Amino acid sequence: MRIVRILKFGGSSVETPQRIRQVISITQAARQDGPVAIVVSAFGGVTDDLVRIAERAERRDDGWERALDAIDARYQEATRELVSDEALSEPLAALSGIFQEVRELAHGVSLLREASPRARDRILSVGELASATVVAAAFRDQGVAAEAADARELIVTRAEFGGAGVLETETRSRIRAWFASRTDLQVVTGFIAATEAGETTTLGRGGSDFTASILGDALDVDAIELWTDVDGVLTADPRVVPGALPLPLLAYDELMELAHFGAKVVHPPSVHPARRRGIPLLIRNTLRPEGVGTRVEVAPADVRDTAPVRGLASIPGVALLRLEGDGMIGVPGIAARLFGALARNAVSVIMISQASSEHSICFAVAPDAKERASRAVEEEFEAEQRAGLVDELVTEEHLSIVAVVGAGMRERAGVAGRLFGVLGRRGVNVRAIAQGSSEINISLVVAREDEARALNAVHDAFFAGGERSVRVYLAGPGCVGRALLGQMAAREVSLARERGYRLVLGGIADSKGALMDDDGIPPGEALERLAAAGRRVPLDDLVAAAARDPDGVFVDCTASPVVADRCADLLAAGTAVVSANKLGPAGTLDHWRALRRVPTRFRFETTVGAALPLVSVIEDLVATGDEVRGIDGVLSGTLAYVLDQVANGRRFSEAMRDAHDRGYTEPDPREDLAGRDVGRKILILARLAGRDFELADVAIEPVLPVEGWGELTLDDFWSQLPVMDDVFARRQAEATRRRERLAYLARLEGTGARVRLESVPASHPAASLRGTDNLVALTTRRYQPAPLVVRGPGAGPELTASGVFADLLRAVAQR
Ligand code: ADP
Ligand code: ASP
Ligand code: MG
């Protein structure tokens, strides 16, 4: 019976009885197309536990027994759940035999105080042995004739432990003989093998993939399917790059490079047997079997036509060693001696880069090989070092290798240049580079702490079809900030679809400090997490993070002078800033000029008239050569609302309180009543119109004479406010008698600007305003005598937030 497919189910695919049921249904579906064999891993996490058990036994830490019992119990429980009572005794007896043997072995390790690689492999093997037992029994329970197959009968290796070399010829003939005589579904243990003498070995961590590939090769199947917990091979590790995308097609070479450089999704050697025979490898998601997953085959035709960069991978914690010296220049054979010495000492070199001057050779090794490597090199070049021809070996640690992989890079110029540009802009320092001669991999060495940033930066830049992530740093989670977060959360999915990027909240600060998270804080959870955060970092840390992120956007939704000050620093550092805070653009003239140095980098539409287009309209007029001659209007949605209420007979203090409760007023309503808020707004518009004003140049008449109220606490202020009701009621009565309306008007004309409460006739445009409506008439060289009029609601958190959001999107589009 010819086996047409091998299906391998990894640890997470057999983690729970429910998943095992899924495995059965996937297998049954596959069997429609012909006979299959399946390979299973240990239940998720079990091999890691077994590694620790071996270590603990070696240390005589008694905990190992309990830990082993827990694994035993986990397999028994799964069996009881999957197998009906009548059929239970057989698998349970088998499990008990498997665990008893390993218990004795671990006991031996603890007596000897030594876990030899041999004993360790034997201990690790129980995970896969137990899995195959349970899964085969579960199949039988569903009426499928199935048996557990112990791969130690099938795969023969050299007597190496912890990752043994396979003896191919012997292995192939055993596999063929085995399958020739079997008709039941074979549930083969992954990961494990045996020497010719029958001693248990393993194929290295993650080696169940290799088991599947070896079987597929020997049986010359049509496809090898690796079923795991992600939608195939993704453009990057989704745990590090949240926007990683599935790759429907991949070349063997590409997968091999990704796997060798840390993409844990496939065990690197597994690719070889499949490639040799041209058997397609399919990587698929057990949790989403309807998905297509990834198909790996000989350079699929369209690989070249797609993006030059196909995927990213990384190896954390490597060490970089550099051999340098004038005596190396032009001397043949130095590299050969260096790598010969490393090979003899079993140091595997992850990456090599040589400067063209031949003055230095640089290579990267795994952290645990660092000592061995140094010793090997020092010994090899002892004589040269003594003669001063070669310097002492320089070692740098806490580094990571980031590999950028793609067959299309060969065909396209400029990938490396773009790569370094991107990393430079994100402030990632590249310590060393290497490009394989096949040109399908560019490897970079960066600081360990820059690894995630580097991966995300490169991912953003090269996967244009994918989602770019843009970091947002928010100060001020008040009414507007809160509404903004809500709007961001609601638009998250559509933004990715329509504009190809995700807004990721990198941090959020209130007056007590900041909360930051490199992984991003879901906007919907930000306030809760900020409130719950035990320790905050200082606001300046958030500002510093934004300053280091020239692709990020800092958003100021505060009314704080401190935050307004930091905005200028951020703009100077190249980070875009969106501000709803008037204190920045209405600060000193010098500050205004600093903010406006690169006009597109600083956006502040909502500082005047909430989301109404005022700032942008004046900017456009001026930029296109118009000249603003006069600005006239109602610039306070808050006061417009209060005056409208009072005109309708409400007491002034009540109307103020109501406006406050609706989030219309400034945090301190005295800013509104003293006219400073409107004063700042006309100042901002005047500056946009080209007037070099300071706030002192605006003549402000307060709404109410509240001088002397500045010392009151906010609470006292509110309780004093009704004193003003009568004064105000009299002004209103006077206006009513004359059939007029009260309006708080701001005006720029000729050389001056002023703000004051006026009584206007019913024919005045301001008399018809309702609610929080703002109204601004712009008289310009082009717009006269009829002015350009902007009118509409000019207050409220949702509206203001929408304006901030629009500024934010514009800032991103500009990048
Ligand atoms: P299994 O137990 O099924 O063999 P593994 O945990 O060995 O599964 O491999 C799958 C995991 O590999 C994924 O959950 C993912 O976190 C990780 N991974 C790393 N790089 C990649 C990548 N480029 N594409 C997909 N998964 C990746
Ligand atoms: N169980 C083994 C490991 O965790 C093999 C595998 O899962 O592929 O390394
Ligand atoms: Mg794996």
Of all lysine pairs in the chain that are eight or more residues apart or on different chains, those with Cα atoms under 27 Å apart total 4
Taking only the C-alpha atoms, wrap a convex hull around segment 523-644 and report its volume per residue in Å³ as a whole number. 155
Along the Cα→Cβ direction, 7 angstrom out, place labels at ARG375 and GLN100. What is the inter-label distance in nm? 4.3
Treat segment 144-262 as a sphere of radius equal to its Kirkwood radius over Cα pairs and apply Stokes-Einstein at 4 °C in a medium of 1.567 mPa s; give the translational diffusion coefficient in µm²/s, rounded to a whole number. 81
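Check each of the trypsin sites (Lys or Arg not before Pro) in segment 73-135 and keep only those in coil by DSSP with at most 10 other C-beta atoms within 10 angstrom; list them in order.
Here the trypsin sites (Lys or Arg not before Pro) that fit, given the DSSP loop and packing criteria, are ARG113.
Based on DSSP, what percent of beta bridges with both residues in the chain are antiparallel, to the nearest 5? Could you put the intermediate results ahead of the total?
Numbers: 74 of 122 bridges.
Of all bridge pairs located within the chain, approximately 60 percent are antiparallel.
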Please give the residues of segment 641-678, grouped as numeric ranges, whose backbone N is less than 17 Å from a label point set 7 Å along the Cα-to-Cβ vector of SER759. 643-644, 646-649
Relative contact order for segment 239-330 using alpha-carbon pairs under 8 Å, separation at least 6, rounded to a whole percent? 36
Take the alpha carbon atoms of segment 1-16, find their center, do the same for segment 583-641, and report the distance between the two centers in whole angstrom. 64
Low-density loop cleavage sites - GluC sites (Glu not before Pro) in segment 613-671, where at most 16 other Cβ are within 10 Å (DSSP): GLU627
What are the residues whose amide H is under 5 Å from the amide H of SER360, where those residues sit 5 or more places off or on another chain and H is modelled from the backbone? ALA355
Take ARG535 and SER511, extend 7 Å from each Cα along the Cα→Cβ direction, and tell me the distance between the two endpoints in nm. 2.5
Counting only residues 5 or more apart in sequence or on a different chain, those whose built amide H sits under 5 Å from that of ALA149 are VAL187, VAL188, THR189
Principal axis lengths of segment 92-189 from Cα atoms, whole Å, largest first? 46, 35, 15
Say R0 is 30 Å: what FRET efficiency, to the nearest 0.05, do ALA699 and ASP565 get from their beta-carbon distance? 0.65
Per-peptide average of other Cβ atoms within 10 Å, ordering 58-64, 24-30 highest first: 24-30, 58-64
Determine, for each peptide in 1-13, 139-151, the mean count of other beta carbons within 10 angstrom over its residues, then list the peptides with the highest first. 1-13, 139-151
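Assuming 0.36 nm per residue, please report the length gained on full extension of the stretch ARG770 to SER360 beyond their Cα-Cα distance.
Full extension of this stretch gives 140.0 nm more.
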For the chain, compute Rh as the Kirkwood radius over C-alpha pairs and then the Stokes-Einstein diffusion coefficient at 25 °C and 0.890 mPa s; write the answer in µm²/s, rounded to an integer. 77
Rounded to a whole number, what is D in µm²/s for segment 664-776 from Stokes-Einstein with the Kirkwood radius over alpha-carbon pairs (4 °C, 1.567 mPa s)? 84
How far is the Cα center of segment 178-250 from the Cα center of segment 103-164, in Å? 16
If each part is reduced to its alpha-carbon centroid, segment 424-457 and segment 49-99 end up apart, in Å, by 43
In whole Hz, what ³J(HN,Hα) sequence does segment 582-596 give by Karplus (6.51, -1.76, 1.60; θ = phi - 60°), x for Gly and Pro? 5, 4, x, x, 9, x, 5, 4, 4, 5, 3, 5, 5, 5, 8
Ranked from fewest to most other Cβ atoms within 10 Å of their own Cβ, SER616, SER443, SER763, SER511 fall in the order SER763, SER511, SER616, SER443
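Using Cα pairs under 8 angstrom and six or more residues apart, how large is the relative contact order of the chain, in percent?
Relative contact order comes out at 8 percent.
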For segment 518-578: Kirkwood Rh in Å [reciprocal of mean 1/r, alpha carbons]: 12.6
Which whole-number percent gives the relative contact order of segment 192-246, counting Cα pairs below 8 Å spaced six or more residues apart? 19
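Laboratory data are not the source of any read-out in this text; all were calculated from the coordinates shown. Given the structure is predicted, the values throughout are model-derived calculations rather than measurements. All Cβ positions, glycine included, derive from the backbone under ideal geometry; neighbour counts span all protein chains shown.
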